[in-house]
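S.K.: Questions regarding the structure given below will be posed in turn.
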């Protein structure tokens with residue numbers, strides 16, 4: 001995919017989003033949508049995700065992030081521009 005066609009967003013997801021399978025579900029959703037990036041817990045209790053791919057796929061992930069997995073209770077999602085990830089995988093990173 002040409003680099004110009006790639007949209008990159010950094011998400012911070014707030015609410016009951018740790019201990020409910022959010023990271024694993026986010027990784028599965030990112031892979032399903034053909035995105036690259038990563039997801040990790042933050043010590044603050046939030047989850048952070050960097051996602052990159054075609055705009056419709058990125059927008060679909062953001063819509064999913066507002067719901068998350070069944071046990072999650074998402075209060076809000078902050079969305080900022082991000083930098084292209086170092087690889088094309090969708091990884092789960094350690095808590096930061």
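The values are calculated or read from the model by the stated rules, or taken from the named source; none is laboratory data. Keep in mind it's a predicted model, so treat the numbers as computed, not measured. Cβ coordinates were reconstructed from backbone atoms using ideal geometry, including for glycine residues, and neighbour counts include every protein chain displayed.
S.K.: Filter region 69-96 down to the residues that are within 14 Å of residue 41 (Cα to Cα), assigned to a loop (DSSP other than H, G, I, E, B) and within 13 Å of the chain's Cα centre (by Cα) and list them by number.
M.R.: Residue satisfying the conditions is 93 alone.
S.K.: Can I ask one more? Mind listing whichever residues of region 28-45 are surrounded by fewer than 19 Cβ atoms within 10 Å (Cβ to Cβ) and within 12 Å of the chain's Cα centre (by Cα)? Walk me through how you get there before you give the answer.
M.R.: At the first step, the residues of region 28-45 found to be surrounded by fewer than 19 Cβ atoms within 10 Å (Cβ to Cβ) are 28, 31-34, 40, 42-45.
Scanning region 28-45 gives 28, 31, 33, 40.
S.K.: Among (1) crowded, with 19+ Cβ neighbours inside 10 Å; (2) in contact (Cβ under 8 Å) with a residue 40 or more places away in the chain; (3) within 11 Å of residue 9 (Cβ to Cβ), there is one condition residue 49 misses while meeting the rest; what is its number?
M.R.: (2)
S.K.: Residues of region 1-22 being at pLDDT 95 or above and either surrounded by 21 or more Cβ atoms within 10 Å (Cβ to Cβ) or assigned to a strand (DSSP E or B) (or both), which ones?
M.R.: 7, 8, 9, 10, 11, 12, 13, 14, 15, 16, 17, 22
S.K.: Specify the residue that is farthest from residue 86 (Cα to Cα); the eligible residues are those in region 54-65 that are touching a helix residue (DSSP H, G or I) at 6+ places or on another chain (Cβ under 8 Å) and buried (at least 20 other Cβ atoms within 10 Å of the Cβ).
M.R.: By that ranking, first place goes to 65.
S.K.: If I filter region 78-94 for residues that are without any contact (Cβ under 8 Å) to a residue 24 or more places away in the chain and surrounded by 13 or more Cβ atoms within 10 Å (Cβ to Cβ), do I get at least one hit? Spell out the reasoning first.
M.R.: The initial filter retains those residues of region 78-94 that are without any contact (Cβ under 8 Å) to a residue 24 or more places away in the chain, namely 86.
Within this subset, residues satisfying the condition of being surrounded by 13 or more Cβ atoms within 10 Å (Cβ to Cβ) are none.
Scanning region 78-94, I find no residue that is without any contact (Cβ under 8 Å) to a residue 24 or more places away in the chain and surrounded by 13 or more Cβ atoms within 10 Å (Cβ to Cβ), so the answer is no.
S.K.: Answer yes or no as to whether residue 45 is on the phi > 0 side of the Ramachandran plot, modelled with pLDDT of 95 or more and assigned to a strand (DSSP E or B).
M.R.: Numbers: on the phi > 0 side of the Ramachandran plot: yes; modelled with pLDDT of 95 or more: yes; assigned to a strand (DSSP E or B): no.
No, not satisfied.
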